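Scroll down for the structure; my scribbles are underneath it.
The values are calculated or read from the model by the stated rules, or taken from the named source; none is laboratory data. These figures come from a predicted structure and were not determined experimentally. All Cβ positions, even for glycine, are placed from backbone atoms using ideal geometry, and neighbour counts span all protein chains on display.
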Ligand code: GLV
Ligand code: MN
Ligand code: MN
């Protein structure tokens with residue numbers, strides 16, 4: 001099979017990224033397609049149409065993941081690629097979408113060249129990767145690999161109070177296919193880096209070897225509401241203060257643990273949230289990540305001890321609820337090495353990397369050899385409408401994906 005000169009159509013990839021980004025556009029270059037909303041449905045419908053136009057057979061599974069299948073010359077285990085098209089509420093246009101549309105682009109390229117791979121190819125789109133509306137993140141791929149029972153997934157409640165199973169049915173993506181639909185021979189996901197390394201180092205491709213561990217929890221603080229003018233400081237049980245103390249403690253924790261430890265309080269809600277009322281209740285979210293499992297556990301333990309002390313000092317009740325917990329993942333060395341080899345063969349500078357963000361590929365890694373291809377994010381900006389990757393880098397990543405798939409499927 002003569003494949004060396006094959007390249008994806010960068011102009012079509014760019015045009016499709018723009019067309020998908022128009023669904024749920026926020027007017028500032030960004031997108032809001034929270035999982036299982038009407039915007040997500042419209043995005044899914046468009047991607048399904050593109051899959052069918054590429055000749056792919058589309059099937060939707062019970063958790064709303066959908067897949068485009070291209071037969072191989074043999075009925076062997078398929079090679080899978082894909083990502084997600086849901087976004088955070090202040091998302092950019094590349095996070096997830098690049099991996100999906102580049103997978104379809106790879107199929108178009110093979111169609112145009114009249115080439116059929118030995119193994120089938122599958123382009124997958126996974127439900128609720130972001131976790132911004134339903135926890136945990138990477139929920140669809142987690143269910144896909146059998147690590148989250150379907151009924152448990154259906155029962156998850158969104159930040160706007162809806163059951164996941166109901167929302168899936170409402171948008172028409174509670175499919176018939178079983179979660180075990182395809183057991184891949186290998187899986188490769190293309191994604192923007194979402195961090196500053198490739199951009200700063202001037203490299204085009206990252207061959208991702210591991211993903212850091214993720215710990216998400218919600219902390220609820222119950223204090224006492226009272227008058228902001230009349231209540232002496234020593235008599236307060238101020239949930240707002242406790243939320244602020246958690247925020248500053250997280251910064252201290254990250255500094256003290258050092259290394260790769262990152263800590264974020266991304267959401268704060270106060271009640272009643274008024275200028276002259278001491279907050280009775282606060283809800284905050286805490287995101288802890290580390291490349292080392294032992295270090296991540298230490299961060300969790302230190303944070304838990306801090307909460308016990310804070311509750312005692314302030315006379316408040318503090319409860320925590322686990323939203324997500326994933327250990328660090330080491331990808332398949334063979335697939336990561338193949339990505340690096342393909343990148344250099346195509347003339348792109350490449351470096352081995354660790355992913356700071358969570359990805360569906362880390363779930364697929366539980367059932368088949370898996371690794372990821374990264375392309376640069378300008379200034380490392382992501383989960384932000386300003387998220388940007390140059391057209392050249394988008395095309396380079398898609399070409400590396402295409403040729404990696406070709407080798408895996410040969
Ligand atoms: C998913 O985007 C995550 O890493 O939070
Ligand atoms: Mn993503
Ligand atoms: Mn994301």
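Below are the figures for this structure:
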| read-out | value |
| --- | --- |
| Pair list, Cβ under 7 Å, 6 or more apart: the range 79-108 residue over 30 Å from residue 4 (Cβ atoms) and in a strand (DSSP E or B), other residue modelled with pLDDT of 95 or more and away from ligand 1 (no atom under 12 Å from the Cβ) | 91/30; 91/31; 91/32 |
| Filtered residue count, the range 162-205, keeping only those that are in a strand (DSSP E or B) and either surrounded by fewer than 22 Cβ atoms within 10 Å (Cβ to Cβ) or within 16 Å of ligand 3 (Cβ to nearest atom) (or both) | 6 |
| Residues (surrounded by fewer than 24 Cβ atoms within 10 Å (Cβ to Cβ), away from ligand 1 (no atom under 16 Å from the Cβ) and at negative phi) located in the range 351-379 | 351, 352, 366, 367, 368, 369, 378 |
| Residue 373 vs. criteria within 18 Å of the chain's Cα centre (by Cα), at pLDDT 95 or above and outside any loop (DSSP other than H, G, I, E, B) | yes |
| Of all residues making up the range 121-134, the number that are within 16 Å of ligand 3 (Cβ to nearest atom) and touching a strand residue (DSSP E or B) at 6+ places or on another chain (Cβ under 9 Å) | 8 |
| Pick from the range 135-153, criterion touching a strand residue (DSSP E or B) at 6+ places or on another chain (Cβ under 9 Å) and over 17 Å from residue 66 (Cβ atoms), ranking: nearest to ligand 2 (Cβ to nearest atom) | 137 |
| Matching residues, the range 68-126, being closer than 28 Å to residue 385 by Cβ and surrounded by fewer than 20 Cβ atoms within 10 Å (Cβ to Cβ) | 89, 90 |
| Residue check, residue 153 surrounded by fewer than 19 Cβ atoms within 10 Å (Cβ to Cβ) and either touching a residue at least 60 places away in the same chain (Cβ under 8 Å) or in contact with a helix residue (DSSP H, G or I) (Cβ under 8 Å, 6 or more places away or on another chain) (or both) | no |
| Subset of the range 278-310 that is in a helix (DSSP H, G or I) and under 20 Å from the mean Cα position of the chain (by Cα) - its residue that is surrounded by the most Cβ atoms within 10 Å (Cβ to Cβ) | 296 |
